[in-house]
Amino acid sequence: MGAAVAKDGAQRQRTYRGASPEQRQFERRDRLLGSALELYGTVGFANVSIQALCRHSGVTARHFYEAFDSRDQVLEELHDRIVGEAAALVVGALDGVEPTDPTAMSRAGLHAFYTSMLGDPRRARIAMIEVMGLPAEKALACVDQFGAIIEAYAVQLEAAGLVRLPSVHLTAVILAGAVRQLMVDWLTARDRAPVEELVEVTTDLFATVGRFAAP
């Protein structure tokens, strides 16, 4: 009898409302990240305490520290998620374009990037502005990753004679930095330009810098 009661108690500890402890921890972590997206992306990382994250997400402080070491770690993970999703969309868009047309490739990649970021301005604010409160290698991770994508495709285009660059790496750094600054300007502007305008302006910049050859 006692063994049966103990076994039943252990089973209840393992599952609660049909969810395992691991599932519940994952759900709490996801709620915290959702709250961070809303709060960091609207009132700003510096203005959001752990207590505020807990109140917004409905997660206790004890459970917060089971999921994260600090609010900085929440920002890092959220930033990595945003950047990873944007990078995947950019690569997917580029892979769907004929690799002999650098203008079409630029337009497709930029459209995917701007749409991913600016379709929800909270994402762009976190990736471009709020992340600057973290160490430099993390604060610049979005620019670095986007620059790496530009560089990888530029190498292929240069090998095919479709672009002419004095330095592929430095050009990629410059273009990625220009895109970041344009997004920061967009986020802080009173009148925000439509995404299509940003795409066309930046595509023209890429074509000018890369001295694109005709497809």
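The values are calculated or read from the model by the stated rules, or taken from the named source; none is laboratory data. Quick caveat: nothing in here was measured; it's all calculated off a predicted structure. When we count neighbours, we look across all protein chains shown, and the Cβ atoms used for this are built from the backbone with ideal geometry, even at glycine.
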Tell me the residue from 157, 205, 170, 162 that is over 19 Å from the mean Cα position of the chain (by Cα) and part of a loop (DSSP other than H, G, I, E, B), please. 162
Segment 57-137: helices (runs of 4 or more DSSP H) wholly inside it with 2 or more residues that are surrounded by 17 or more Cβ atoms within 10 Å (Cβ to Cβ), over 15 Å from the mean Cα position of the chain (by Cα) and not assigned by TED's automatic domain parsing to the domain that holds residue 35 are 71-95, 102-118
List, please: which pairs have Cβ atoms under 8 Å, are six or more places apart or on different chains, and start with a residue in segment 56-76 that is closer than 19 Å to residue 139 by Cα and in contact (Cβ under 8 Å) with a residue 40 or more places away in the chain and end with one that is outside any loop (DSSP other than H, G, I, E, B) and among the basic types (Lys, Arg)? 76/138
Quick one: residue 5 ticks every box in (1) within 20 Å of the chain's Cα centre (by Cα); (2) modelled with pLDDT under 95; (3) over 23 Å from residue 142 (Cα atoms) except a single one, so which number is it? (1)
Check 46, 52 and return the single one that is exposed (fewer than 14 other Cβ atoms within 10 Å of the Cβ) and within 14 Å of residue 71 (Cα to Cα). 46
Reported set for segment 157-191 where residues are free of Cβ contacts under 8 Å to residues at least 24 places away in the same chain and among the basic types (Lys, Arg) is 190
Among the listed residues 203, 188, which satisfies the condition of being of a type in the set (S, T, N, Q), within 22 Å of residue 89 (Cα to Cα) and in the same structural domain as residue 107 (by TED's automatic domain parsing)? 203
Where residues in segment 156-215 are surrounded by 14 or more Cβ atoms within 10 Å (Cβ to Cβ) and hydroxyl-bearing (Ser, Thr, Tyr), which of them is farthest from residue 109 (Cα to Cα)? 171
Scan segment 117-146 and report the pairs whose first residue is in contact (Cβ under 8 Å) with a residue 24 or more places away in the chain and among the aliphatic types (A, V, I, L, M) and whose second residue is buried (at least 19 other Cβ atoms within 10 Å of the Cβ) and not in a helix (DSSP H, G or I), with Cβ atoms within less than 8 Å and a gap of 6+ or a chain change. 126/41
